[in-house]
Amino acid sequence: MTDATTNPDANTGIDTTVPHSARVWNYWLGGKDNYAVDRETGDAVIEVYPQIKTNARESRKFLGRVVTFLTAEAGIRQFLDIGTGLPTAGNTHEVAQAIAPEAKVVYADNDPLVLAHARALLTGAPEGTTTYLHSDIRDVDELMARAAEILDFSQPIAVLMLGVLGHIHDADEARALVADIVSRVSSGSYVAICDAIMTEERRKAEETYANRDGVHYHARDPQDIVTFFDGLEWVEPGFASVSLWRAPVAPVDATGNVRALAMTTPVDQWGGVARKP
């Protein structure tokens, strides 16, 4: 951890004596922006659900592949990343602006901890735009109005909602929020969503987490997550485990043998990308 002179948490009123979901996720990702209490909670979840660290890291790789596709293949130059979480390696603006320096990226989150870190850490290419909005996905009017001050809504936008919809426990409410957001972007825009799918091990992990910090992230059945894409056109391979979505093709060595990839099995984190017709 950094000390109080460089720590973005300093003087923000953020309580570092209780676990925080964004910092626990940061811990599972292998980051340094977490405290002992976060690591203790993270380890308690790992005890009942060892796959959680793999889920977190494969979700991050999924983000990188999604943004690479959207920028390099789909030609998107505007991104709205809702529920971004703590900045870490391979953020949306870093991936997009490495391909297209002029890309505009707007991050939105309602967490003061994320705001503190974003102000300190989110800087992008000078040719592009990297902006953070302190906004809540539940207030679509306010969120999209503020995003429209930066992004051109008459042109295609990629909307990312990665690991955020589980905070909306009611599936109908989550579905309505996604539909409202999609209705406000132009034809040719893309939507990327990923979330945890419910398993018995995941259920135990949610109970462990909730008992420690009162935060309950709600995993869903895959068929419920799929409905968030209603009315959109799937990008191949459609809805899949994040570890398998456009996973790198195994290289062939000089002898013709295929080299094994680091991750070739599904994880309990599923998602996809779809285009608004």
Antiparallel content of DSSP bridges confined to the chain, in %, to 5
40
Given unit charges at Cβ for Lys, Arg (+) and Asp, Glu (-), the dipole magnitude of the chain about its Cα centre in debye, nearest 20, is 760
Calculated [θ] (222 nm, deg cm²/dmol) that DSSP helices of n ≥ 4 give over the chain, each run adding -39,500 (n - 2.57)
-10500 deg cm²/dmol
Among the trypsin sites (Lys or Arg not before Pro) within the stretch 13-44, which fall in a DSSP loop and have no more than 11 other Cβ atoms within 10 Å of their own Cβ?
Lys32
Cα gyration tensor category, rounded, prolate or oblate, for the stretch 71-146 with a/c compared to 1.5:
oblate
Between beta-carbons, use under 13 Å as the cut-off and find the net charge around Ala103, counting Lys and Arg +1, Asp and Glu -1.
-3
Dipole check, the chain, charges on Cβ (K,R +1; D,E -1), about Cα centroid: among Ala205, Ala147, Ile52 the Cα furthest to the positive pole belongs to Ile52
Could you point to the residue in Gly166, Pro87, Val182 farthest towards the positive end of the stretch 82-195's charge dipole, with +1 and -1 charges on the Cβ of Lys/Arg and Asp/Glu respectively?
Pro87
According to a simple spin-label model (label point 7 Å from Cα along Cα-to-Cβ), what is the distance in nm between Val18 and Arg39?
2.2
Using θ = phi - 60° and Karplus 6.51 cos²θ - 1.76 cosθ + 1.60, couplings along the stretch 63-71 (whole Hz; Gly, Pro as x):
3, x, 5, 5, 5, 4, 4, 4, 7
How do the peptides 200-206, 230-236 rank, highest first, by the average count of neighbouring beta carbon atoms within 10 Å per residue?
200-206, 230-236
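Read-outs: derived from the displayed coordinates by stated rules, not from any lab. Quick caveat, the model's predicted, so the values are computed rather than measured. Virtual Cβ from ideal backbone geometry, glycine too; neighbours counted across all protein chains shown.
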